[in-house]
Amino acid sequence: MSSPFVFGLALAVLTAPAWSTTWSGTYVGGGPGVSFYVQLVESQGGTIVGRFKQVSVDKDNKLNTLDVPLSGAANGEQFVGRIEAGWANGDNIVVSGKRTPGGIQISGATGLRANLRPGTEEDEARALAALRQGAQQAIAAGELQKSREQQERNLKRRVESLHGILSGASSYVENGSFTYRNYAAYPKKYEATTAKLESTLDKLRATPGSGGEAGGRRTQLSSSMLHSKIDGTEHPHIEVRHAYEKSMRDWKDLDAKLSAATKACLEPTPVDLDVKAFQLACIRVPTVRGLVKTAGENSTTEFFKIRDVYKSELAKQEALLVEANRVSRSYDGR
């Protein structure tokens, strides 16, 4: 079990009293984080009884008190004895003492060493008040440090969050909103599919006859026209629509994040922290939000251009299929 005793030095040495011929008296002393209060009574024959009180500040800035009997025997300027700490406080401690010009000095096997001077209960009370004040100040300083560290962590998270939002927004402006560029050739693909259907319809028209080989050939051509419409126009435009919808979702998501960032930038920041990185990031938010808006609007415009071509060419292709069916029926009915 660790020792409950704290190494201590006298708080102050008053003018040395006249040399005493007895150990009887009240003695006080201490040092940083510890206070001692010792009462001794020496009887005839040199027997000493008394009280040993130690108040110390632990690592959590709480006051711990050890207030136990002390007994021993004096021999001139020295005495030996024990502090009856008991098992709960690490068992009894053998101590020795000697007179000093300013009072007494006691030492123990556990590292106890205290220089004490004559004093009063009022002296002890003042020492304890100083200990409490010091502990309270240490606690307050610790809480202040914890608060500052928490503020620093919060500020760091805010800066990282802002940087993440701005990075995502910049990526959208530079790349994400321009997904339609991957489909820039699709209008030509739709038009080419229409031309292919027109050519196939011409072949169908050039295949007269009812039933037999001619009928089978027309069926193949009609089927080819239908698959060309699906593969060359409808399926490709599903890709375009999905890309457009994703671009719009990304725009909406980023705008919401940038809106939240704008509000966050208006919130007060700790005055005693370095907020330069946060402020610099906040300065960028309005500009980046405007760029995202422009990029999203441009994306919408370009996708709608592709969609308009799609709708126009799809209508032509459906009309060609209707015409192909009409021509086939007209030949079959002959």
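Residue 46 - would you say it is modelled with pLDDT of 90 or more, over 28 Å from residue 133 (Cβ atoms) and either among the small types (Gly, Ala, Ser) or surrounded by fewer than 17 Cβ atoms within 10 Å (Cβ to Cβ) (or both)? I'd like the intermediate steps shown before the answer.
On the way: modelled with pLDDT of 90 or more: yes; over 28 Å from residue 133 (Cβ atoms): yes; either among the small types (Gly, Ala, Ser) or surrounded by fewer than 17 Cβ atoms within 10 Å (Cβ to Cβ) (or both): yes.
Considered against the rule, which asks whether it is modelled with pLDDT of 90 or more, over 28 Å from residue 133 (Cβ atoms) and either among the small types (Gly, Ala, Ser) or surrounded by fewer than 17 Cβ atoms within 10 Å (Cβ to Cβ) (or both), residue 46 comes out as yes.
Counting only residues that are of a type in the set (A, V, I, L, M) and either at pLDDT below 95 or surrounded by 12 or more Cβ atoms within 10 Å (Cβ to Cβ) (or both), which one in segment 319-330 is farthest from residue 190 (Cα to Cα)? Walk me through it before giving the result.
Just the residues of segment 319-330 that are of a type in the set (A, V, I, L, M), to begin with: 319-322, 324, 327.
Still in the running and either at pLDDT below 95 or surrounded by 12 or more Cβ atoms within 10 Å (Cβ to Cβ) (or both): 319-321, 324, 327.
Numbers: 319: 14, 320: 14, 321: 15, 324: 19, 327: 24 Å.
Checking each candidate, the answer is 327.
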Within segment 215-235, the residues that are at pLDDT below 95 and open to solvent by less than 20 Å² (accessible area, probe 1.4 Å) are 215, 218
Going by what's in this entry, would residue 208 be described as more than 14 Å from residue 177 (Cα to Cα), open to solvent by 80 Å² or more (accessible area, probe 1.4 Å) and outside any helix (DSSP H, G or I)? no
Among (1) open to solvent by 80 Å² or more (accessible area, probe 1.4 Å); (2) assigned to a loop (DSSP other than H, G, I, E, B), there is one condition residue 316 misses while meeting the rest; what is its number? (2)
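Test residue 283 against the criterion of being more than 30 Å from the chain's Cα centre (by Cα) and among the β-branched types (Val, Ile, Thr), and give yes or no. Spell out how you get there, then give the answer.
Values: more than 30 Å from the chain's Cα centre (by Cα): no; among the β-branched types (Val, Ile, Thr): yes.
So residue 283 does not fit the description; no.
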Take the residues in segment 312-326 that are within 58 Å of the chain's Cα centre (by Cα) and polar (S, T, N, Q); name whichever of them is nearest to residue 197 (Cα to Cα). 317
Among (1) over 27 Å from residue 137 (Cα atoms); (2) of a type in the set (A, V, I, L, M, F, W, C); (3) in a strand (DSSP E or B), residue 23 falls short only on (3)
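Taking the options 109, 125, 138, 114, name whichever one is open to solvent by less than 40 Å² (accessible area, probe 1.4 Å) and either closer than 18 Å to residue 26 by Cβ or touching a strand residue (DSSP E or B) at 6+ places or on another chain (Cβ under 7 Å) (or both).
Values: 109 fails: open to solvent by less than 40 Å² (accessible area, probe 1.4 Å); 125 fails: open to solvent by less than 40 Å² (accessible area, probe 1.4 Å); 138 fails: either closer than 18 Å to residue 26 by Cβ or touching a strand residue (DSSP E or B) at 6+ places or on another chain (Cβ under 7 Å) (or both).
Exactly one residue qualifies, and that residue is 114.
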Flagged in segment 1-38 as at pLDDT 55 or above, within 19 Å of residue 64 (Cα to Cα) and either open to solvent by 40 Å² or more (accessible area, probe 1.4 Å) or of a type in the set (Val, Ile, Thr) (or both), in numbering order, are 28, 32, 34, 38
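The values are calculated or read from the model by the stated rules, or taken from the named source; none is laboratory data. Fair warning: this is a prediction, and the values are worked out from it, not measured in the lab. No Cβ is skipped: glycine too gets one built from the backbone with ideal geometry, and neighbour counts run over all protein chains shown. Protein only, heavy atoms only, side chains kept; ligands, DNA and RNA dropped before computing areas. Shrake-Rupley method; radii C 1.70, N 1.55, O 1.52, S 1.80 Å.
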